Structures are given as structure tokens and as C-alpha cells.
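The values are calculated or read from the model by the stated rules, or taken from the named source; none is laboratory data. All values derive from a computational prediction rather than experimental measurement. Cβ coordinates were reconstructed from backbone atoms using ideal geometry, including for glycine residues, and neighbour counts include every protein chain displayed.
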Amino acid sequence: MTAAPAVPRPIAWRFATVLENRAETRRTRTLILDVPGWPGHQAGQHVDVRLTAEDGYRTERSYSIASAPESAGLALTIERLDDGEVSPYLVDELRMGDTLELRGPIGGYFVWSVRDGGPLFLAAGGSGIVPLMAMLRHRAAALAGASAAERRAVPARLLYSSRTWDEIIYRDELAALVAEDPTLEVHHTLTREVGSTWSGLRRRIDRSMLDEIAWSPRERPHVYVCGPTPMVEAVASTLVAAGHDAARVKTERFGPSG
Amino acid sequence: MTSTDGGASGVSRGFKGRRPAAGTAHRLPPGQYETRDFPVLSAGPTPEVRLERWSLRLSDPSGRSARWSWEEMRAMPREQITKDIHCVTKWSRFDTRWEGVAIDTLVARAAEQGVHTAPYVLATSYGGYTTNLPLADLVDGKAWIADTVDGRPLAPEHGGPARLLVPHLYFWKSAKWITELRFMDRDEAGFWEVNGYHMRGDPWREQRYTGDE
């Protein structure tokens, strides 16, 4: 038998069923989906969602996967953009039992696995946390039952910039992950918090913050930056100026995904 | 609706959607939506490219190459281009105004120096980004080296000082921070093409990912 030339298979559209639509913050909700035939994914990948109206009109958007490859349902965390066409539908309208058409996983670059090793440095802005949360959830699942030495081989730090305390997505879950894992650090900075109880960082991510929290370039961390374009541009350029290898700084910029 | 397949007919329950304006609907490829913004998408940090060190090279399979400095490129005949652009992440931007040098012009100049084309091209950028295209998608008035958009110098995050402009293909083919076009006898996957994206990327055929049509 001779090997046939590899013909790439298209990424199939699938009908997912909504298992749950739960609130994360005032502007974000998470859809938990059952996707029959889902081939599995890597932390950091995304899906394309396709909506079809009664008259056949269709539109598509991309959303990062929030869940770890190890978990049962596929989770998408959606930020509601008030003037958007798709996100208000997903956030306000979809409910348990509804069907959602999607295909994926997509993207083979902005991905991380514990097999890639550490240290891992993650910088998130707003809903840019979503693909990075998939990495942290994957890390926690993959290291469940690992020895202290195995954990120390893949230490992780997250620097997460949000507008306010109430807009921190996955706030309680991040705290719980930190509580059970001495090799994980989570640092929050709040750019528009007016409350007086927050005693932590209160500015956009800058050089001194990165010098303090990101690993030193000598430790050759794997770096993932995700958020709005100005935040990603600033953080990635600052890291390179501080001596990090540009090839190890992977970025994902959020355009409008209304 | 009487289907019992839970909506597998494809209709999304309760989705109304927003139709593109009648005058522009025919300009929107499948799955795309119009934006007035100019979103940025790059896989890594924006490289810093100094004009005094900038150069553009065209090279052929035999190893011959032609190379131009920034001033030499700027002195070539320039064209003004107004085109719709389509990003694989779903946004389309209509009537984007560019200025630059046609690839046809560069190919003709290179030929004078004995550099000949080949059926495939690998576009290479400062910072290491690459993307592959058939030569046919770059010649006959279809592609440019663009250094100006909407009347202003191209900003670094949008690919400045200069980017490849191939508006009829998804915009990842329009390599930012361009520095070389390498003519090749065989097609060779570039950066995104290795990472699951389509070898050609025609938005009208929705060739987004490996395996699409």
C-alpha cells in the first residue's frame, strides 16, 4: 500500500448544545457547551461561532476557549459589547438547551501546555484573560497530584489588568487556584477603581510593574499577552525592551468582536 | 419550525442579526462584518524598524537578488490604491486608501538585474514573520508595497514602515514589516499557514483554515 498524499480535512462545523449560561461579571457571561465530536483543543485556542437568522442571513465571530482541554464541557466567556451584533445575542438570549453552531479548535501558535515547561508569565487586559485562564486551568488539571518538584518546574505568574474590582473575570477561581498552589502567583492591577478599599496596584501595566512581577529575561519565561491592542502593544514592547526574547513573547490582540 | 433536531437546520433561535447596508452587502465576503475601525492582529511584539537600515530584497531560486533602500523604494513610481480589506478574524474595512509601489514595478526592476520570478513567493518580514503566496496573486496590478494609509505614514503596529498589500486575499497575506519577497519553485507554508491557516486565503471562497475548500 502506498501512502496517499495527506489531504487536510476541513475543520467541521458542529452543533453544540448550551448546558449553562452563567454570569461572570456585569458585562461577561460564560457559556458551557456540549459539542458532540469535539476533537479536543490546546489551551489558548479559539472557535468560530456562526449564527443564522430565519431568512438565511449569517455572520461569524471568533471566541477564545476558556476551559482546559481536560474538562468536560467547552467554555466560552463572552464580553457583552452594547453595540455588538453577536455578543448581546450570546449573552442575553442563549439559554440551556439552545443550539450554537461552531467550529474549531483554531490557532496553533498562541497555545501553551505544561509539556512546554516554564516559567510561564501571563499578562491579561480585561477579557483578554480568557485564553490565559484556559492555560491556568490546564496547568492546574495537568499538575493535579504532581509533586512539589514537578510544580516548581512550571511556575506561573499572572499579571491581570482590570478596570475595577467588580470587573475582574474569574476573580474567585483565581484566588482559589493560588490558595492551593504555592507555585502560582496572581497580581491584579485596577485602572479605574474608585473605591478606597483596594490597596493593590492602581495603574496600567508598566515597566516597573513588569520588572517586579514578570520573570527576568535570564529565566527565559514563556510569555503570553492578551488584551486590547494598546495594552498588548505596550506590554509586549516593554518586555522586549527589558531584554525578553521577542520570539518567546506571544500576543493576541482583541479587535472588536461585537 | 417543526424540526426535531434542536435547531440543526442551522437557524439560531431568536437571532435577528444586523444586515449590511444594501449598497455594501455585495462587498462583504461570507462570514465577514464591516468595521470602521482598523483593528490590529499580530502574533508577537511590534518590531522596531529604522528607515536608514530598511531594505527590500527580491530573490530568485538561483540565489540572485535585487535590493533597494528606503530612499530607492520611495523614488519609484507610486500608485494610489483604494480597496476593501478582509481580515480572517472576520472584520472587513471598506475603501481603505493606500499608497505604494506596485509589485509589477519591483519585478520589472529586478528583471533588469537578472532576478527572475518563480511560481511561488515567500514574503518575509522584520521580526521573522513569513507568509506564502502564488506569484499570480502578486502581479498584474494585484499587489503593492504600501507605506501610506489614509494619507498618513503606516504606523508600526499596522506594519510600518512598509507592508505587503494584497487586498484580494485575507489580510494575513499582506505581511507587515516586509523586507523580502523570495521567489520559489515550490510552495512553502509561512507562519500562519504552518499554524492551521489556509495556503491561499481567498475571502470570497472563505478559505480561512487548512482544509477549507
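Computed quantities for the displayed model
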{"item": "Within the stretch B:24-50, considering residues that are of a type in the set (Gly, Ala, Ser) and closer than 14 Å to A:ARG58 by Cα, the one surrounded by the fewest Cβ atoms within 10 Å (Cβ to Cβ)", "result": "B:ALA25"}
{"item": "Cβ-Cβ under 9 Å pairs, at least 6 apart or on other chains, the stretch B:112-128 side within 14 Å of another protein chain (Cβ to nearest Cβ), far side among the hydroxyl-bearing types (Ser, Thr, Tyr)", "result": "B:SER125/B:THR131; B:SER125/B:THR179; B:TYR126/B:THR179; B:GLY127/B:SER42; B:GLY127/B:THR46"}
{"item": "Residue satisfying condition, being assigned by TED's automatic domain parsing to the domain that holds A:LEU201 and acidic (Asp, Glu), within set A:GLU79, A:GLU150, A:GLU70", "result": "A:GLU150"}
{"item": "Checking B:GLY141 against (1) more than 14 Å from every other protein chain (Cβ to nearest Cβ); (2) more than 19 Å from B:PRO39 (Cα to Cα); (3) in contact (Cβ under 8 Å) with a residue 40 or more places away in the chain; (4) not in a strand (DSSP E or B), the condition it does not meet", "result": "(3)"}
{"item": "Candidate set from the stretch B:175-197 (those that are farther than 18 Å from A:GLY107 by Cα and of a type in the set (Val, Ile, Thr)); member that is surrounded by the fewest Cβ atoms within 10 Å (Cβ to Cβ)", "result": "B:THR179"}
{"item": "Residue among B:GLU99, B:GLU52, B:GLU72, B:GLU48 that is acidic (Asp, Glu) and in a loop (DSSP other than H, G, I, E, B)", "result": "B:GLU48"}
{"item": "Criterion (within 12 Å of chain B (Cβ to nearest Cβ) and either among the small types (Gly, Ala, Ser) or in contact (Cβ under 8 Å) with a residue 40 or more places away in the chain (or both)) met by exactly one of A:TYR89, A:TYR63, A:TYR57", "result": "A:TYR63"}
{"item": "Qualifying residues in the stretch B:6-37 (those that are in contact (Cβ under 8 Å) with a residue 60 or more places away in the chain and at the interface with another protein chain (Cβ under 9 Å from one of its Cβ atoms)) - the one nearest to the chain's Cα centre (by Cα)", "result": "B:GLN32"}
{"item": "Qualifying strands (runs of 3 or more DSSP E) (wholly inside the stretch A:171-258; at least 2 residues being within 14 Å of another protein chain (Cβ to nearest Cβ))", "result": "A:222-228, A:249-254"}
{"item": "Qualifying residue in the stretch B:177-192 (condition: touching a Lys or Arg at 6+ places or on another chain (Cβ under 6 Å) and either in a helix (DSSP H, G or I) or more than 14 Å from chain A (Cβ to nearest Cβ) (or both))", "result": "yes"}
{"item": "All positions within the stretch A:144-180 that are under 19 Å from A:GLU219 (Cβ atoms) and buried (at least 17 other Cβ atoms within 10 Å of the Cβ)", "result": "A:ARG151, A:VAL154, A:PRO155, A:ALA156, A:ARG157, A:LEU158, A:LEU159"}
{"item": "Number of the condition not met by A:GLU101 [criteria: (1) closer than 24 Å to A:TYR170 by Cα; (2) within 14 Å of another protein chain (Cβ to nearest Cβ); (3) charged (D, E, K, R)]", "result": "(1)"}
{"item": "Given (1) within 14 Å of chain A (Cβ to nearest Cβ); (2) assigned to a loop (DSSP other than H, G, I, E, B), index of the condition B:PRO161 fails", "result": "(1)"}
{"item": "Answer from B:ASP150, B:ASP202, B:ASP187, B:ASP137 - the residue that is out of contact with any helix residue (DSSP H, G or I) (no Cβ under 7 Å at 6 or more places or on another chain) and modelled with pLDDT under 95", "result": "B:ASP150"}
{"item": "Counted residues, the stretch B:150-170 - those being surrounded by fewer than 24 Cβ atoms within 10 Å (Cβ to Cβ) and within 14 Å of the chain's Cα centre (by Cα)", "result": "4"}
{"item": "Residues of the stretch A:36-54 classified as more than 12 Å from chain B (Cβ to nearest Cβ) and hydrophobic (A, V, I, L, M, F, W, C), total", "result": "2"}
{"item": "B:THR105 in a loop (DSSP other than H, G, I, E, B), under 22 Å from the mean Cα position of the chain (by Cα), more than 25 Å from A:ILE106 (Cα to Cα) and away from chain A (no Cβ under 14 Å)", "result": "no"}
{"item": "Residue among B:SER62, B:SER55 that alone is among the polar types (S, T, N, Q), touching a strand residue (DSSP E or B) at 6+ places or on another chain (Cβ under 8 Å), more than 14 Å from chain A (Cβ to nearest Cβ) and over 25 Å from B:TRP204 (Cβ atoms)", "result": "B:SER55"}
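Matching residues to (1) small (Gly, Ala, Ser); (2) assigned by TED's automatic domain parsing to the domain that holds A:VAL130; (3) over 15 Å from A:LEU120 (Cα atoms):
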| site | (1), (2), (3) |
| --- | --- |
| A:GLU167 | no, yes, yes |
| A:ARG192 | no, yes, yes |
| A:GLY195 | yes, yes, yes |
| A:MET209 | no, yes, yes |
| A:ILE213 | no, yes, no |
| A:VAL223 | no, yes, no |
